[in-house]
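In what follows, a structure is listed as structure tokens, so that the remarks can point back to it.
Here, each number is a calculation from the coordinates, and none is a lab measurement. What you see is a predicted model, and the numbers here were worked out from it, not measured in a lab. Quick reminder, even Gly has a Cβ in these numbers, built from the backbone with ideal geometry, and neighbours come from all protein chains shown.
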Amino acid sequence: MAAAAASYSKKMKRIKLIKGDITKLAVDVIVNAANSSLLGGGGVDGAIHRAGGKAILDDCIKIRNRQGGCKTGEAVITTAGKLPAKHVIHTVGPVWDSSKKEKMKTLLANCYRNSLQLAVDNHLATIAFPNISTGIYGYPKELAAETAVHEVLDFLDKNQSIDFMTFVCFDVENYHLYARILGN
Ligand code: AR6
């Protein structure tokens with residue numbers, strides 16, 4: 001039991017929670033809540049493309065030409081252009097459908113896991129996530145936060161190469177939910 005508790009607390013030290021704008025973070029990689037076209041949009045996607053400049057869209061277009069966009073739950077990586085971060089991982093969250101709760105959970109978990117795996121594959125050690133799908137895509141915030149925290153904790157347990165990950169909450173409701181779930 002003591003060993004399990006020690007391992008849990010070590011893992012929690014690699015998780016940060018902030019309230020703010022993800023485009024301001026100087027981490028190795030920030031994650032974008034994109035759509036499958038990869039051509040930009042509103043919300044955090046719009047903010048990232050606006051602040052990062054055309055280089056991000058140019059990389060997205062190259063990926064589209066190669067593989068035809070990005071499916072829900074999958075992730076791709078580009079430059080971060082003018083952003084303080086080094087890279088952007090674009091993942092596509094599910095559009096909330098209350099009649100398919102289990103499918104929604106699996107797809108959202110895939111976003112977190114595939115983004116973290118892509119960071120590891122690219123030797124990136126610090127990563128920040130927005131609250132994927134909880135804006136325009138309408139995923140209930142509490143359900144999304146539970147899945148996000150569960151998936152990230154599970155991944156960090158198995159992968160030591162991520163130094164720390166940051167949950168970036170833009171709205172106060174998400175921030176309070178994450179603070180409660182993470183226990184701080
Ligand atoms: N920094 C951090 N989080 C932010 C920021 C920011 N600058 N701006 C918004 N958020 P959303 P989705 C939060 O709508 O629900 C786009 O049009 C926001 O408060 O950005 O996955 C895409 O192109 C919310 O908690 O993404 C897709 O079409 C969270 O980011 C669609 O929206 C996600 O909200 C994706 O919808």
>> Conditions first: (1) buried (at least 22 other Cβ atoms within 10 Å of the Cβ); (2) not in a loop (DSSP other than H, G, I, E, B). ASN65 passes all but one, so which condition is the exception?
In response: (1)
> From the list ILE162, ILE132, ILE127, ILE136, which one is aliphatic (A, V, I, L, M), within 16 Å of ALA33 (Cα to Cα), surrounded by fewer than 24 Cβ atoms within 10 Å (Cβ to Cβ) and touching a residue at least 60 places away in the same chain (Cβ under 8 Å)?
Replying inline: ILE136
> So, in region 110-144, of the ones that are within 10 Å of the ligand (Cβ to nearest atom) and part of a helix (DSSP H, G or I), which residue ends up nearest to THR72 (Cα to Cα)?
Replying inline: CYS111
> So, of the residues in region 9-21 that are part of a loop (DSSP other than H, G, I, E, B) and loosely packed, with under 15 Cβ neighbours inside 10 Å, which turns out to be farthest from the ligand (Cβ to nearest atom)?
Replying inline: LYS13
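Rundown of residues vs (1) more than 9 Å from the ligand (Cβ to nearest atom); (2) among the hydroxyl-bearing types (Ser, Thr, Tyr); (3) on the phi > 0 side of the Ramachandran plot; (4) touching a Lys or Arg at 6+ places or on another chain (Cβ under 6 Å), yes/no style:
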{"site": "THR23", "(1), (2), (3), (4)": "no, yes, no, no"}
{"site": "VAL29", "(1), (2), (3), (4)": "yes, no, no, no"}
{"site": "ALA51", "(1), (2), (3), (4)": "no, no, no, no"}
{"site": "CYS60", "(1), (2), (3), (4)": "yes, no, no, no"}
{"site": "ARG66", "(1), (2), (3), (4)": "yes, no, no, no"}
{"site": "VAL76", "(1), (2), (3), (4)": "yes, no, no, no"}
{"site": "ALA85", "(1), (2), (3), (4)": "yes, no, no, no"}
